[in-house]
1. Select from segment 135-176 the residues that are under 14 Å from Pro187 (Cβ atoms), in contact (Cβ under 8 Å) with a residue 40 or more places away in the chain and not small (Gly, Ala, Ser) and list them in ascending order.
2. Of all residues in segment 298-328, which are part of a helix (DSSP H, G or I) and surrounded by fewer than 18 Cβ atoms within 10 Å (Cβ to Cβ)?
3. With a cut-off of at least 1 residues that are modelled with pLDDT of 90 or more, over 22 Å from Leu227 (Cβ atoms) and in contact with an Asp or Glu (Cβ under 6 Å, 6 or more places away or on another chain), name the helices (runs of 4 or more DSSP H) lying wholly within segment 90-187.
4. Applying the selection to segment 50-71, what residues are aliphatic (A, V, I, L, M), under 15 Å from Val28 (Cα atoms) and part of a helix (DSSP H, G or I)?
5. Those residues that are over 11 Å from Tyr249 (Cα atoms), away from ligand 1 (no atom under 13 Å from the Cβ) and assigned to a loop (DSSP other than H, G, I, E, B), I need them from segment 211-223; list them, please.
6. Determine whether Gly99 is under 18 Å from Asp178 (Cα atoms), among the small types (Gly, Ala, Ser), touching a residue at least 24 places away in the same chain (Cβ under 8 Å) and more than 16 Å from ligand 1 (Cβ to nearest atom).
7. Looking at Val214, Val193, which one is on the phi < 0 side of the Ramachandran plot and surrounded by 15 or more Cβ atoms within 10 Å (Cβ to Cβ)?
Amino acid sequence: MMTASANNRLLDVKGLTVQIDGRNGPAVIVDAIDLHVDRGETLGVVGESGCGKSLTMLSLMGLLPNKIKVTGGQANFDGRDLQTMSKRELRKVRGGDVGFVFQDPMTSLNPVMRIGDQLIEPLIYHRRISKADARKRAAELLRLVGIPGPEERLNAYPHELSGGMRQRVMIAIGLACDPKLLIADEPTTALDVTIQAQIVDLVKDLRVKLGMSVVWITHDLALIAGLVDRVVVLYAGTVVEDAPVDELYAHPRHPYTQGLLASIPKLSDAPSARLSSIGGTPPEPGRRPPGCPFAPRCPLAMDICRTTVPKLEPVSAATTHRAACFAVQLVREAA
Ligand SMILES: Nc1ncnc2c1ncn2[C@@H]1O[C@H](COP(=O)(O)OP(=O)(O)O)[C@@H](O)[C@H]1O
Ligand SMILES: [Mg+2]
């Protein structure tokens, strides 16, 4: 019999490893990641550009580019094993139970196809409904994401809409088949700050209205503060911290998370204050150091950090807040 908590798990990923066949042989890009999303939960996945956020999600859905492959781990979605699914079954999951919203609507939307047709196509494929019903549903979806005059907008081409409206269309496509999980990969990065906030608010509303889970991928910790329930921080293809959102902001434990948070400008900063940021850059795949991948940039690095990979462990007794850091473990053991 399944326990209540196991049943509550919509996506459960264990030890996911992704490699690229590079010029100098295979290199690990995603390194044995554990990740889960509960039903109704909104998860933020955060990290600098190049940390493996997109490839982690794409690998689950069988959307990896050439030369990049899953080489280990398990992934279970809604009680089904994603790794052993056929391409055909995976295609049904994508756009069906799992909706995607990508960063750049100009490349994800087809420029020569009317918006209505781009919405109707997945509805007919996944739902097998008539074209007339699909058109009605498409207009409903545009209304749901706050596009005025939805019936007329169905006939528009992407270039006739603003960037914010195009991203709303992308969200409507992601929602077309009532997904159990919506994966939004930096969906607002190309937009200006006001529109970004509107899109975040929209997804916040929809999540409650539709009762779905959301994974929101971003490099911007500040953007998702009011949206997500929990945050997973990625660094060089590993999870370095995993905590409820309030806990992460109030008590970040991993030095990388602390650095990310310190880089967010605050209203209370003097206008002349310099942004503190983390020196250096993440390692390229194939050039990750032995031990903790963050050690070369870490202000707290000790000898052990340069030789041994720290495990993701609770930061204190009886908490779901976990960090992969020997310095954090020292503090915990001293307590
Ligand atoms: N198509 C590709 N070919 C080669 N390397 C890639 C490709 N896509 C991503 N990578 C590499 O994999 C790593 C992780 O990429 P990605 O998942 O896109 O990071 P993020 O989404 O966090 O910015 C990066 O180092 C990137 O350079
Ligand atoms: Mg990305």
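The values are calculated or read from the model by the stated rules, or taken from the named source; none is laboratory data. These figures come from a predicted structure and were not determined experimentally. Cβ atoms come from the backbone with ideal geometry, glycine included; neighbour counts cover every protein chain shown.
1. Here is the first cut: in segment 135-176, the residues under 14 Å from Pro187 (Cβ atoms) are 145, 163-175.
Subsequent filtering for residues that are in contact (Cβ under 8 Å) with a residue 40 or more places away in the chain retains 145, 163, 166-167, 169-175.
Once the filter is applied, which keeps residues that are under 14 Å from Pro187 (Cβ atoms), in contact (Cβ under 8 Å) with a residue 40 or more places away in the chain and not small (Gly, Ala, Ser), segment 135-176 yields Val145, Arg166, Gln167, Val169, Met170, Ile171, Ile173, Leu175.
2. The initial filter retains those residues of segment 298-328 that are part of a helix (DSSP H, G or I), namely 303-306, 326-328.
Scanning segment 298-328 gives Asp303, Ile304, Arg306.
3. 131-144
4. Taking segment 50-71 and keeping what is aliphatic (A, V, I, L, M), we get 55, 57-58, 60-61, 63-64, 68, 70.
From the residues that got through so far, the ones that are under 15 Å from Val28 (Cα atoms) too are 55, 64, 68, 70.
Matches in segment 50-71: Leu55 only.
5. Within segment 211-223, Gly211, Met212, Leu223 qualify.
6. Details: under 18 Å from Asp178 (Cα atoms): yes; among the small types (Gly, Ala, Ser): yes; touching a residue at least 24 places away in the same chain (Cβ under 8 Å): yes; more than 16 Å from ligand 1 (Cβ to nearest atom): yes.
Yes, satisfied.
7. On the way: Val193 fails: surrounded by 15 or more Cβ atoms within 10 Å (Cβ to Cβ).
Within the list Val214, Val193, the selection yields Val214.
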